[in-house]
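The structure appears right after this line, and notes come after that.
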Amino acid sequence: MWAFDLDTLRKAFRKSVQEHKVTAADWAEHAKQFLEKQRDRQREST
């Protein structure tokens with residue numbers, strides 16, 4: 001993964017946190033689900 005990819009992923013995660021009104025206490029679970037969705041999307045596009 002490139003640094004640009006990580007920055008884009010971080011921005012998308014923050015946007016998702018804001019959109020879903022995720023509290024700091026729930027970030028870990030949200031991150032897990034977010035990354036699973038990202039991985040699934042990546043697999044579908046290849």
* Determine which member of the set LYS37, LYS32, LYS21 is open to solvent by 100 Å² or more (accessible area, probe 1.4 Å) and outside any helix (DSSP H, G or I). => LYS21
* Asked: How do the pairs read when you match residues in segment 21-46 that are without any contact (Cβ under 8 Å) to a residue 12 or more places away in the chain with residues anywhere that are open to solvent by less than 100 Å² (accessible area, probe 1.4 Å) and of a type outside the set (Val, Ile, Thr), using Cβ under 8 Å and keeping only pairs 6 or more apart or on different chains?
  -> VAL22/SER16; VAL22/HIS30
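The values are calculated or read from the model by the stated rules, or taken from the named source; none is laboratory data. The model shown is predicted, which means the values in this text are computed figures rather than measured ones. Using ideal geometry, Cβ is built from the backbone for each residue, glycine included, and neighbour counts are taken over all protein chains shown. Calculation scope for accessible area: heavy atoms of the full protein, side chains included, ligands and nucleic acids excluded. Shrake-Rupley method; radii C 1.70, N 1.55, O 1.52, S 1.80 Å.
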